[in-house]
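The values are calculated or read from the model by the stated rules, or taken from the named source; none is laboratory data. Being a predicted model, the structure only gives us computed values, none of them experimental. Backbone-built Cβ (ideal geometry, glycine too); neighbour counts: all protein chains shown. Surface accessibility is based on the protein's heavy atoms, side chains included, excluding ligands, DNA and RNA. Shrake-Rupley method; radii C 1.70, N 1.55, O 1.52, S 1.80 Å.
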Amino acid sequence: MAIDPASPDYSIGVIGAGTMGRGIAQIAVNGGISVKLYDGFEGAAQGGYDFVARMVNRAAEKGNISEDDAAAAIGRLEIIDSLDGLAGANLVIEAIIEDLDIKKDLFAQLEKIVSADCILASNTSSLSVTAIAAGCDKPNRVAGYHFFNPVPLLKVVEVIAGVLTDGWVSDALDKVAKRCGHEPVRTQDSPGFLVNHAGRGFYTEGLRIAQEGIADFSNIDDVLRDGAAGFRMGPFELMDTTGLDVSGVVMESIYQQFYEEPRFRPVALTRQRMAAGLFGRKSGRGYYVYEDNKKIAPDPKPAPDARPDSVWIDPAVPDGRDALAALLKDHIEIDTGAKPGPRSVCIVTPLGKDATTAALDAGIE
């Protein structure tokens with residue numbers, strides 16, 4: 001019988017000591033759970049351990065936790081040098097490369113090691129949980145457990161049930177998440193799950209605007225962050241944070257899983273930048289340049305000598321048009337014609353379509 005996740009004896013195995021794995025290990029030990037950390041790359045597990053210890057000690061230095069609590073949390077983290085060390089785990093979370101065959105092979109190995117009621121969870125951000133579980137003898141104990149980067153700060157985790165996942169598995173993952181201070185969100189196994197599915201328009205539309213030369217990366221981010229939308233980050237800042245080597249692969253994976261639905265089609269720009277190693281914060285350069293993990297603001301561009309005579313706003317979404325017109329009316333004349341005048345800058349308000357299609361539908365030539 002599976003042990004209650006609230007038990008002091010509950011233990012977790014984390015496979016992969018990179019950005020995600022070490023973040024998961026950190027919140028788990030802070031939640032009073034014993035963690036065994038494994039990584040097949042030499043020195044990676046030790047690097048993950050050192051990072052967690054540093055973050056926990058830093059919390060104590062800031063007075064967020066006591067020194068005794070910090071020492072106890074670090075004491076709950078153990079490095080293991082083989083998968084066999086996970087034999088006694090109640091839950092194993094893999095946070096390795098986003099490759100279906102590699103994940104399936106790993107879970108097949110784990111089934112020969114762990115107990116019959118040990119939960120096997122994947123931190124996959126885009127792959128089918130059902131497909132991962134299909135290679136297991138007990139697919140009913142396999143689920144998705146998708147955390148977000150940086151794990152300690154982003155307090156949501158997707159609990160993804162595959163087609164054959166038992167209810168008790170999702171219930172247990174809910175309890176583990178709450179014990180670690182996170183909020184679980186239940187979702188079914190579908191391309192992109194919940195968050196990455198919702199984010200397709202955010203990423204792909206921003207990329208299309210940039211690729212078409214309408215605005216550059218920083219301008220698009222500024223509009224979405226500081227404009228009426230009020231996002232905490234623009235799409236390019238967010239891709240730099242998650243890493244283009246992750247978000248770019250997710251974009252392509254979701255596009256394929258939706259049978260090449262045009263709305264989710266990636267742009268060539270991402271594959272080019274991935275090939276160049278411009279992954280974002282982790283590589284020191286992405287859509288922005290970073291020093292000591294801090295974004296270096298791009299040089300401000302000089303303001304144009306002249307502004308347009310007027311602005312015409314696509315009336316396809318009346319509420320959006322009215323809100324934007326109210327924001328701009330004190331700064332520039334609003335062209336209220338049914339079609340834009342020859343000297344007006346045109347702003348389209350796409351909903352469910354890209355900017356080019358919206359412009360054509362509005363009759364802009």
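When every residue of the stretch 209-228 is checked against the conditions, at least one turns out to be open to solvent by less than 20 Å² (accessible area, probe 1.4 Å), of a type in the set (Asp, Glu) and on the phi < 0 side of the Ramachandran plot. You will find that of Ile113, Ile93, the residue that is aliphatic (A, V, I, L, M) and open to solvent by 30 Å² or more (accessible area, probe 1.4 Å) is Ile113 and no other. Go through (1) open to solvent by less than 30 Å² (accessible area, probe 1.4 Å); (2) in a helix (DSSP H, G or I); (3) closer than 20 Å to Pro150 by Cα; (4) in contact (Cβ under 8 Å) with a residue 24 or more places away in the chain one by one and return the number of the condition Ala60 breaks. Every listed condition holds for Ala60 apart from (4). Being within 21 Å of Glu42 (Cβ to Cβ), aliphatic (A, V, I, L, M) and in a helix (DSSP H, G or I) is a condition met by at least one residue of the stretch 77-88. When Leu120, Leu154 are screened for being out of contact with any Gly (no Cβ under 8 Å at 6 or more places or on another chain), farther than 20 Å from Val246 by Cβ and either not in a helix (DSSP H, G or I) or not hydroxyl-bearing (Ser, Thr, Tyr) (or both), only Leu120 passes.
All of (1) closer than 16 Å to Cys180 by Cα; (2) out of contact with any strand residue (DSSP E or B) (no Cβ under 9 Å at 6 or more places or on another chain); (3) not basic (Lys, Arg) hold for Asp68 with one exception: (1). The selection criterion, being in contact with a helix residue (DSSP H, G or I) (Cβ under 7 Å, 6 or more places away or on another chain), of a type in the set (Gly, Ala, Ser), more than 30 Å from Pro342 (Cα to Cα) and outside any loop (DSSP other than H, G, I, E, B), does not hold for Gly277. Within the bounds of the stretch 246-257, is there any residue that is open to solvent by less than 20 Å² (accessible area, probe 1.4 Å), at pLDDT 95 or above and assigned to a helix (DSSP H, G or I)? No, there is no match, as no residue in the stretch 246-257 is open to solvent by less than 20 Å² (accessible area, probe 1.4 Å), at pLDDT 95 or above and assigned to a helix (DSSP H, G or I). Kindly evaluate Pro191 against the criterion of being touching a residue at least 40 places away in the same chain (Cβ under 8 Å) and not hydrophobic (A, V, I, L, M, F, W, C). The answer is yes for Pro191. Beta carbons closer than 6 Å, at least 6 apart along the sequence or on distinct chains, pair a first residue in the stretch 104-115 that is under 14 Å from Ala133 (Cβ atoms) with a second that is modelled with pLDDT under 95 for Lys104/Gly135; Ala108/Gly135.
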